[in-house]
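The values are calculated or read from the model by the stated rules, or taken from the named source; none is laboratory data. Fair warning: this is a prediction, and the values are worked out from it, not measured in the lab. Heads up, the Cβs are rebuilt from the backbone with ideal geometry, glycines too, and the neighbour counts pull from every protein chain shown.
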Amino acid sequence: MEFQDKVVMITGAAGVLGTALSKRFQKEGALLVLIDKDKEKLDQLAKQLPNGSDSIFIPADCRDDEQVKLYVDKTVDLLGTIDVLINCVGIYGPITQASDISSHYMMDVYETNVVTSFLNYKYAVPVMQKRRSGCILFVSAVFGLRGLPFFSAYSTVSHALLGFMKSAALDCVTSGVRVNAVVPAPMKSTMMEEVEEILYPDNPIRGREQILGLLPMGRYLEADEVTESVLFLASDRARYITGTSHIIDGGMTAK
Amino acid sequence: MVLVDCNKKQLDKLKSDYLPHDSEALYFHADCANEEEVQKYVEKTIDFFGGVDVFVHCAGIVGSIKEADNWSAGEIMVAFQTNIMSVFLNSKDVLPIMKKQQNGSILLLASVYALRGVPYHSLYAMTSHAILGFMKTAALERAHSGVRINAIAPAPTTSPFMEEVEKALFPSNPQLGREQIHSYLPFERYAEPEEIAESVLFVSSHRAKYIHGTSHIIDDGFLAK
């Protein structure tokens with residue numbers, strides 16, 4: 001078990017990717033600290049995890065500075081440290097032409113996708129630096145490397161995350177903490193089902209075909225395929241890897 | 001394992017010093033930029049093992065270290081032959097086999113110089129970039145075939161290769177050359193071959209089955225700067 005007794009904190013833990021990650025890291029022996037703002041979903045996750053009682057579940061809003069500080073402090077009190085932090089909180093935001101997005105929505109996407117990652121980083125990194133060891137992972141998206149019509153808000157914040165990740169990685173190089181991002185293609189999830197519906201409200205299947213048309217492999221990415229990369233990057237096997245974007249996209253950005 | 005190298009001495013050493021004596025491996029002393037020789041060892045591999053599941057292409061040279069306008073056409077051709085033609089020839093013979101198997105993973109070793117420039121390394125940067133162009137295109141052509149093609153882009157790695165570069169930079173004091181290169185690297189040390197090997201193992205495994213057409217960077221933040 002590669003993460004035996006390692007403290008792994010996952011934010012947005014009750015989402016599709018967060019759930020897959022929680023199960024996978026638990027299989028590797030990790031002590032999990034699972035954060036999500038949706039208490040009900042977090043309770044469901046607790047029931048799904050085979051050894052749910054070994055994990056700490058904290059309902060909290062990662063956009064709120066005080067709440068983030070509180071759960072990081074609580075984690076250190078209970079478990080002594082944080083070895084791995086994985087930021088999975090994110091939304092697609094409005095799917096419409098750039099000029100039709102209200103500044104309110106733009107701010108909302110920014111807060112949810114970037115500010116959350118920043119706050120978690122801000123409070124977790126001193127804990128890791130003290131022990132000169134740790135790994136932080138951001139979940140960006142292929143739209144952090146390219147544009148897509150009607151996704152300007154999501155593309156903006158996905159790019160922003162990579163900018164933050166690279167600079168943070170350089171801040172950390174001498175302190176033993178590695179910072180990387182995973183860059184997945186659209187993943188099979190409730191989020192994508194919503195997108196399909198927004199694209200073609202009368203015929204979501206057309207929306208799906210349109211999105212799959214962008215993917216050379218002709219299928220969505222599965223959450224389980226992202227977890228393997230996260231596991232690799234968080235492990236000692238990737239000890240020379242920092243400041244990079246790990247692309248999992250079935251050839252989408254090769255186009 | 002099927003192990004191919006043009007350096008017979010090193011290949012013998014690999015066999016005698018590094019690998020367990022009972023490892024089942026074929027050794028070919030061959031030039032992987034020579035069309036006939038490539039065909040021969042790929043054919044022999046198929047005869048012996050029946051297929052190729054993973055193909056890792058590590059052959060390559062840095063070439064001399066000098067300003068971009070100082071190369072001769074001959075030097076450019078040598079680098080092209082060694083770094084690019086070899087990629088093409090091996091892929092040409094291995095791809096149809098993997099396509100028939102509907103399974104396979106190809107990994108091409110490029111370098112961080114495929115994603116940025118570095119003064120005095122124009123030849124290496126040029127051929128490294130070219131490898132990514134080939135990789136991405138071949139990946140798109142094979143997206144539905146079960147064959148995956150990716151590249152690895154490591155930072156300078158502890159190797160005789162880098163010792164040559166250090167010497168080329170400061171012939172009278174290679175240590176100075178090493179310090180200069182280390183100063184580019186945020187961790188101020190070279191990557192170790194074992195660190196590259198872990199990534200190659202991961203990307204070629206089934207765990208990376210959606211990773212296709214990408215460059216897997218192992219550079220300790222070199223490109224983040």
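The one condition from (1) under 15 Å from A:Arg239 (Cβ atoms); (2) in contact (Cβ under 8 Å) with a residue 24 or more places away in the chain; (3) more than 8 Å from chain A (Cβ to nearest Cβ) that B:Ile218 does not meet is (3). The single residue among A:Val127, A:Val115, A:Val109 that is of a type in the set (A, V, I, L, M, F, W, C) and either closer than 23 Å to A:Ile241 by Cβ or not assigned by TED's automatic domain parsing to the domain that holds A:Ala60 (or both) turns out to be A:Val127. Looking across the range A:227-247, the residues that are assigned to a loop (DSSP other than H, G, I, E, B), in contact (Cβ under 8 Å) with a residue 40 or more places away in the chain and either facing chain B (nearest Cβ under 7 Å) or buried (at least 24 other Cβ atoms within 10 Å of the Cβ) (or both) come down to A:Arg239, A:Ile241, A:Thr242, A:Gly243, A:Thr244. Among residues of the range A:75-115 being part of a loop (DSSP other than H, G, I, E, B) and among the small types (Gly, Ala, Ser), the one that is surrounded by the fewest Cβ atoms within 10 Å (Cβ to Cβ) is A:Ser102. Only residues that are buried (at least 16 other Cβ atoms within 10 Å of the Cβ), farther than 30 Å from B:Asp93 by Cβ and touching a Pro at 6+ places or on another chain (Cβ under 8 Å) were counted across the range B:163-197, and they come to 5. Please tell me if B:Arg207 is at pLDDT 90 or above, crowded, with 21+ Cβ neighbours inside 10 Å and either facing chain A (nearest Cβ under 9 Å) or more than 15 Å from B:Val112 (Cα to Cα) (or both). The answer is no for B:Arg207. Going by the conditions given, is B:Glu195 facing another protein chain (nearest Cβ under 9 Å), of a type outside the set (Phe, Trp, Tyr) and either outside any strand (DSSP E or B) or more than 18 Å from the chain's Cα centre (by Cα) (or both)? Answer is yes for this residue.
Within the range A:63-74, can one find any residue that is crowded, with 20+ Cβ neighbours inside 10 Å and among the polar types (S, T, N, Q)? No, the range A:63-74 contains no residue that is crowded, with 20+ Cβ neighbours inside 10 Å and among the polar types (S, T, N, Q).
Condition check ((1) in contact with a Phe, Trp or Tyr (Cβ under 9 Å, 6 or more places away or on another chain); (2) surrounded by 20 or more Cβ atoms within 10 Å (Cβ to Cβ)) across all residues:
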| residue | (1), (2) |
| --- | --- |
| A:Asp5 | no, no |
| A:Ala13 | yes, yes |
| A:Lys23 | no, no |
| A:Glu28 | yes, no |
| A:Ile35 | yes, yes |
| A:Gln48 | no, no |
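Scan the range A:137-145 and give yes if some residue there is over 18 Å from the mean Cα position of the chain (by Cα), closer than 21 Å to A:Met107 by Cα and among the small types (Gly, Ala, Ser), otherwise no. Within the range A:137-145, not a single residue is over 18 Å from the mean Cα position of the chain (by Cα), closer than 21 Å to A:Met107 by Cα and among the small types (Gly, Ala, Ser).
Selection over the range B:2-48 of residues that are assigned to a loop (DSSP other than H, G, I, E, B) and surrounded by fewer than 13 Cβ atoms within 10 Å (Cβ to Cβ) gives a count of 7. Consider A:Val179 carefully, then state whether it is outside any helix (DSSP H, G or I), β-branched (Val, Ile, Thr) and within 9 Å of chain B (Cβ to nearest Cβ). Criteria met by A:Val179. Scanning the range B:170-185 finds no residues that are under 23 Å from A:Ser167 (Cα atoms), facing chain A (nearest Cβ under 8 Å) and not aromatic (Phe, Trp, Tyr). Has the range A:105-119 got at least one residue that is touching a residue at least 60 places away in the same chain (Cβ under 8 Å), closer than 25 Å to A:Phe3 by Cα and in contact with a helix residue (DSSP H, G or I) (Cβ under 6 Å, 6 or more places away or on another chain)? Taking every residue of the range A:105-119 in turn, none turns out to be touching a residue at least 60 places away in the same chain (Cβ under 8 Å), closer than 25 Å to A:Phe3 by Cα and in contact with a helix residue (DSSP H, G or I) (Cβ under 6 Å, 6 or more places away or on another chain). If you go through the range A:90-134 and keep only what is modelled with pLDDT under 95, over 24 Å from A:Gly15 (Cα atoms) and among the small types (Gly, Ala, Ser), you end up with A:Ala98, A:Ser99, A:Ser102, A:Ser103. Pick from B:Ala125, B:Ala143: which is at pLDDT below 95 and over 27 Å from A:Leu215 (Cβ atoms)? Every option except B:Ala125 fails the conditions. Of all residues in the range A:179-194, at least one satisfies being over 18 Å from the mean Cα position of the chain (by Cα) and more than 30 Å from A:Lys130 (Cα to Cα).
It is to be established whether one or more residues within the range B:140-158 are part of a helix (DSSP H, G or I) and more than 17 Å from B:Ile65 (Cβ to Cβ). Yes, the conditions are met somewhere in the range B:140-158.
For the criterion of being touching a Ser or Thr at 6+ places or on another chain (Cβ under 8 Å) and at the interface with another protein chain (Cβ under 9 Å from one of its Cβ atoms), A:Met252 fails.
For the range A:190-206, state whether one or more residues are at the interface with chain B (Cβ under 8 Å from one of its Cβ atoms) and either under 26 Å from B:Met135 (Cβ atoms) or among the hydroxyl-bearing types (Ser, Thr, Tyr) (or both). No: the range A:190-206 contains no residue that is at the interface with chain B (Cβ under 8 Å from one of its Cβ atoms) and either under 26 Å from B:Met135 (Cβ atoms) or among the hydroxyl-bearing types (Ser, Thr, Tyr) (or both). Here A:Glu66 fulfils each of the conditions (1) more than 17 Å from the chain's Cα centre (by Cα); (2) among the acidic types (Asp, Glu); (3) part of a loop (DSSP other than H, G, I, E, B) apart from (3). When you check A:Val157 against the structure, is it among the β-branched types (Val, Ile, Thr) and over 28 Å from B:Ala197 (Cβ atoms), yes or no? For A:Val157, the condition - among the β-branched types (Val, Ile, Thr) and over 28 Å from B:Ala197 (Cβ atoms) - is met. A residue that is buried (at least 22 other Cβ atoms within 10 Å of the Cβ), farther than 22 Å from A:Val226 by Cβ and within 14 Å of chain B (Cβ to nearest Cβ) occurs nowhere in the range A:146-164.
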